[in-house]
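Everything below concerns the one structure shown next.
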Amino acid sequence: MDTSDSTHVDTGSFAALGIDPRIAEALQALGYEEPTPVQRAAIPSLLEGRDVLAQAATGTGKTAAFALPLLTRLGASSRARTAPGVLILVPTRELAMQVAEAVHRYGKPLGLHALAVYGGASMEQQVRALRRGVDVVVATPGRALDHIRRETLQLATLQSVVLDEADEMLDMGFAEELEAILSATPPTRQTALFSATLPPRIAGIAQRHLRNAVPVTVEREVVADGETARVRQVAYVVSRAFKMPALARVLDIEQPTSAIVFCRTRTEVDELSETLGARGLRADALHGGLSQDQRDRVMQRFRAKRVELLIATDVAARGLDVKHVSHVVNFDVPADAETYVHRIGRTGRAGREGVAITLAEPREHRLLRNIERQTGQRIEVSQVPTVADLRAHRRELLRATLREAVLAGGLEPFQGIVESLATEIDIMDLAAAAVKLVATQDDGDEPEIPGAVVREPREGSGAREGGRERGARDGREARTPRAARRDQPWSAVTLWISAGRKLGIRPGDLVGAIANEAGLDASEIGSIQIADGFSTVEVPEARAEDVIAAVKRGKVKGKKVQVRRDRRR
Ligand code: AMP
């Protein structure tokens, strides 16, 4: 194996790494400001056509790390589209759909097409799509082998093969299928193996099927003892649909005087600053899309404490020197420990105490544990505050504010009113009524945020399903432990609802309406998008009709709404 380590290539942009400029441009539109460490490390070798053995977990940007260079190579080769040029093998149908979607997005500027092929779906439809011709096939191993044996998936023109989440595929008992598929591919092909862990069985596969592979491990940063000791590190595990309300609530309780919230993309920065701004928080966006002038103004406002929240990407916040940051928030788990340490190093400075808050999706739990291992510091996992916690906290604040007001004096102008009323009303009732009037905060429409269940990843192997019939197993992929750890262990359908931001709809309203009316558990509700005039909600395919009927029967935020399957997709 080659021991060269390309981690140190320090080129800022994707195009500089050699990614097709048209793809690089599309990435800008997606809000990717710079490559993540695993992308910096893997892309150059993959572009050269070399095999790569990479250790990278979900959340590190691994999908783009292999997809971008392989699509660039595919775009450069003058091949007529008869059979696929890239085959990506993944453990579950959810991942197949997710990766195919990402490949489709990245490959669009080059006119490259991807197809997800997985068990449990119609064979005939997949055969028809394969016949029409695709450039990239993303497949689960069982179904891929079915197609190979029926000769409906041609391998002769394959340029590259990717094994994504290889450890998971082995854990799920796909070792034989992987061997059979790899042996059926052209010996000249390029192979990329991505895996969160590298147990000996992975090394075995690498030895048999990779040639002179470039190892990619993202370098670990050595953190000096005590460097982050004054920073309280907390993580909240919350599913994607509830991230925004969860963050708003955590900020309500923490009351940061000055906080930086880090996001992965520009788009996320813009959305978050808009949402938090709408909730009455003073938030400014800082990302690479702003002019130097705009950035300077944002920084001036933040330094002068005229805004309390700075919502930023890593790139934009680089070199930013602010002394008084009380909180650092990671809206997503950072791709690597180095970024995490760098971000949270912005709080707890100059002997002050700081707080680092991370919002993690259940599937990002492993990433969080990796960061703990690498920094040698504990990240406390906490529950998102409940509506009751929030109410108690607001009351406490109100009490403190009232006490301050009494101590500050200057009450004379109001004493006349109190005296005149005190003759007819009990003074306690009078004071309570006055408090009620100032207690303007209304938490009546706060959604309950369900606690996300985190399952620790299973270690080791298990050819559990070795004896079972292949088709049946492939069809059951959504029920595997791997799938159960993902946010959404079911096949989803998107519903369109005729009420959106203009009607004051929030995710909690939709969850409430669907959970109450259709009897769904909140955890069965997937991604929720709220646009100005409408919203979309992902629900399990099997429950879609129940949900449609129930939402039609009931009301959302007191209003009758229209609901149907989303036709825009
Ligand atoms: P993955 O590790 O492939 O599951 O990717 C995790 C998330 O990071 C996905 O939502 C990607 O869209 C996002 N992502 C990947 N690369 C970048 C990048 N260079 N900048 C910002 N976001 C990224």
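The values are calculated or read from the model by the stated rules, or taken from the named source; none is laboratory data. All values derive from a computational prediction rather than experimental measurement. Neighbour counts are summed over all protein chains in view; Cβ atoms, including those assigned to glycine, are modelled from backbone coordinates with ideal geometry. The protein model used for the area step is the full one, side chains on, heavy atoms only, and it has no ligands, DNA or RNA in it. Shrake-Rupley method; radii C 1.70, N 1.55, O 1.52, S 1.80 Å.
Any chance you could count how many residues in the range 60-85 are within 19 Å of ALA24 (Cβ to Cβ) and away from the ligand (no atom under 16 Å from the Cβ)? Working first, answer last.
Filtering the range 60-85 down to residues within 19 Å of ALA24 (Cβ to Cβ) leaves 61-77.
Checking which are away from the ligand (no atom under 16 Å from the Cβ) leaves us with 73-77.
Total satisfying the criteria: 5.
Apart from one condition, ARG295 fits all of (1) in contact (Cβ under 8 Å) with a residue 40 or more places away in the chain; (2) surrounded by fewer than 21 Cβ atoms within 10 Å (Cβ to Cβ); the exception is (1). Per the listing ALA542, ALA499, ALA515, ALA483, the residue uniquely loosely packed, with under 15 Cβ neighbours inside 10 Å and either at pLDDT 75 or above or part of a helix (DSSP H, G or I) (or both) is ALA542. What are the residues in the range 63-94 that are part of a helix (DSSP H, G or I), modelled with pLDDT of 90 or more and within 24 Å of the chain's Cα centre (by Cα), if any? Correct list: THR63, ALA64, ALA65, PHE66, ALA67, LEU68, PRO69, LEU70, LEU71.
To keep it simple, each residue is scored yes or no on (1) surrounded by fewer than 19 Cβ atoms within 10 Å (Cβ to Cβ); (2) more than 17 Å from GLY31 (Cβ to Cβ).
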position: ALA241; (1), (2): no, yes
position: THR257; (1), (2): yes, yes
position: VAL269; (1), (2): no, no
position: GLU274; (1), (2): yes, no
position: ALA278; (1), (2): yes, yes
position: LEU290; (1), (2): yes, no
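Being under 26 Å from the mean Cα position of the chain (by Cα), over 28 Å from GLU372 (Cα atoms), assigned by TED's automatic domain parsing to the domain that holds GLN374 and within 16 Å of the ligand (Cβ to nearest atom) is the requirement here; does ALA285 meet it? It is true that ALA285 is under 26 Å from the mean Cα position of the chain (by Cα), over 28 Å from GLU372 (Cα atoms), assigned by TED's automatic domain parsing to the domain that holds GLN374 and within 16 Å of the ligand (Cβ to nearest atom). In the range 18-54, which residues are over 19 Å from GLU101 (Cβ atoms), touching a residue at least 60 places away in the same chain (Cβ under 8 Å) and near the ligand (Cβ under 7 Å from one of its atoms)? The answer is GLU33, GLU34. Among the residues of the range 251-281, those identified as within 18 Å of the chain's Cα centre (by Cα) and more than 16 Å from the ligand (Cβ to nearest atom) are SER273, THR275.
Note on the range 182-202: residues that are touching a residue at least 40 places away in the same chain (Cβ under 8 Å) and charged (D, E, K, R) total 1.
So which residues in the range 312-335 are within 16 Å of the ligand (Cβ to nearest atom) and either open to solvent by 20 Å² or more (accessible area, probe 1.4 Å) or on the phi > 0 side of the Ramachandran plot (or both), if there are any at all? So that I can check it myself, show each step before the final result.
Just the residues of the range 312-335 that are within 16 Å of the ligand (Cβ to nearest atom), to begin with: 312-318, 330-335.
The answer is ASP314, VAL315, ARG318, ALA335.
When the range 380-435 is examined, which residues are found to be more than 30 Å from SER239 (Cα to Cα) and outside any helix (DSSP H, G or I)? Steps first, please.
Taking the range 380-435 first, the residues more than 30 Å from SER239 (Cα to Cα) are 398-435.
Residues satisfying the conditions are GLY409, GLY410, LEU411, THR423, GLU424, ILE425, ASP426.
Identify, from the list ARG346, ARG373, the residue that is outside any helix (DSSP H, G or I), in the same structural domain as ARG282 (by TED's automatic domain parsing) and over 28 Å from GLY526 (Cβ atoms).
On the way: ARG373 fails: outside any helix (DSSP H, G or I).
So the residue among ARG346, ARG373 that is outside any helix (DSSP H, G or I), in the same structural domain as ARG282 (by TED's automatic domain parsing) and over 28 Å from GLY526 (Cβ atoms) is ARG346.
The one condition from (1) open to solvent by 30 Å² or more (accessible area, probe 1.4 Å); (2) under 23 Å from LEU182 (Cα atoms); (3) within 16 Å of the ligand (Cβ to nearest atom) that LYS108 does not meet is (2). A search for C-beta distances below 7 Å between a residue of the range 374-397 that is over 20 Å from PRO245 (Cα atoms) and any residue that is among the small types (Gly, Ala, Ser) and part of a helix (DSSP H, G or I), counting only pairs 6+ apart in sequence or on different chains, returns GLN374/ALA337; THR375/ALA337. Examine the range 186-198 for a residue that is touching a strand residue (DSSP E or B) at 6+ places or on another chain (Cβ under 9 Å) and assigned to a helix (DSSP H, G or I), and state whether such a residue exists. The answer is no, given that none of the residues of the range 186-198 is touching a strand residue (DSSP E or B) at 6+ places or on another chain (Cβ under 9 Å) and assigned to a helix (DSSP H, G or I). So, ALA57, is that one within 11 Å of the ligand (Cβ to nearest atom) and outside the structural domain of LEU286 (by TED's automatic domain parsing) or not? Yes, satisfied.
Annotation: of all residues in the range 349-370 being of a type in the set (A, V, I, L, M, F, W, C) and in a helix (DSSP H, G or I), the one that is nearest to the ligand (Cβ to nearest atom) is LEU367.
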